[in-house]
1. Can you find, within region 116-157, the residue that is surrounded by the most Cβ atoms within 10 Å (Cβ to Cβ) among those that are part of a strand (DSSP E or B) and among the aromatic types (F, W, Y)?
2. Which of the residues belonging to region 58-79 are surrounded by 14 or more Cβ atoms within 10 Å (Cβ to Cβ) and hydroxyl-bearing (S, T, Y)?
3. Since G118 meets every condition but one in (1) within 14 Å of the chain's Cα centre (by Cα); (2) closer than 21 Å to Q52 by Cα, which condition does it not meet?
4. May I ask you to verify whether I178 is surrounded by fewer than 22 Cβ atoms within 10 Å (Cβ to Cβ) and within 24 Å of L214 (Cβ to Cβ)?
5. What pairs can you find where one residue is in region 230-244 and in a loop (DSSP other than H, G, I, E, B), the other is of a type in the set (K, R), and their Cβ atoms are less than 8 Å apart, with a gap of 6+ or different chains?
Amino acid sequence: MRLFLFVCSLVLSSLCKVEAQQNLFNVPSSDITPKDKIFFQQQVNDFTNGFQLNSTFSYGLGSDFECGVNILGLTYDFNDGFLYSDSIVPYSPLICINAQKKIKINERLSFAAGTQIGFHNEHTLTSYIFLNTVYQFHNTHSKLISGIYYSSDGFFGSESRSFFEHGIAKNIGIQCGIEQQIIKDKLLFQADLITGKHTMGENVTGFAYFITPLWILSAGYQTPLFNSTSQKAIVLELTYSPEQ
């Protein structure tokens, strides 16, 4: 809690063009890394009994397309040390290949499709696939994101993603997010949500502060959804996002 209060005080006491970052907390915002530039984000989830690290690297290929690498679910327990799951889903940690393509309809509306494909124990393939609709409100400096996702059990766990308990529909859920400018060129409010009873069935709400035009510090609070296996946590992110 002291770490969270320190970050909040840093954000609020510190008062360049602000561009959104490629991820909110968990839901992709579907901004694409510019051609020949690199995006980086390090996330730390601070639980009561430990913490988890999630790292993202993406490279812009041009034509609103990017690809990269993720290292997900590197978890440290204060009692048991680093945790490794190779027989019980969700598997962790996971090394993934990521890719995303954006299709711009007009200045306000765009669609984005992406995936993260992980490999575990050299034999098990896990995947997270999504399709997002992104709408920009330029007069209020707001962005709304809504979409659907598919994830294999190895990625999120065996629990249902939405209303269905059986069949392939069990693995399909809803994700959404909002981004709202509060202080021009400095401070954003952001929140996102992923449905499901699995380990990522949660809402995260917080703020993103632009330390510089390229470096962003984000802090939020993670709340599990009803009946999910997620945990309450403080979420911190350090992001390097190249100018668009």
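1. Among residues in region 116-157 that are part of a strand (DSSP E or B) and among the aromatic types (F, W, Y), the one surrounded by the most Cβ atoms within 10 Å (Cβ to Cβ) is Y149.
2. S58, Y59, T75, Y76
3. Just one mismatch for G118, condition (1).
4. Spelling it out, I178 is indeed surrounded by fewer than 22 Cβ atoms within 10 Å (Cβ to Cβ) and within 24 Å of L214 (Cβ to Cβ).
5. These pairs meet every condition: P242/K37; E243/K17.
Read the figures in this text as sums done on the coordinates, not as results from a lab. Worth saying up front: this structure is predicted, and the values here are computed from it rather than measured. Glycine gets a Cβ as well: all are built from the backbone with ideal geometry, and neighbour counts include every protein chain shown.
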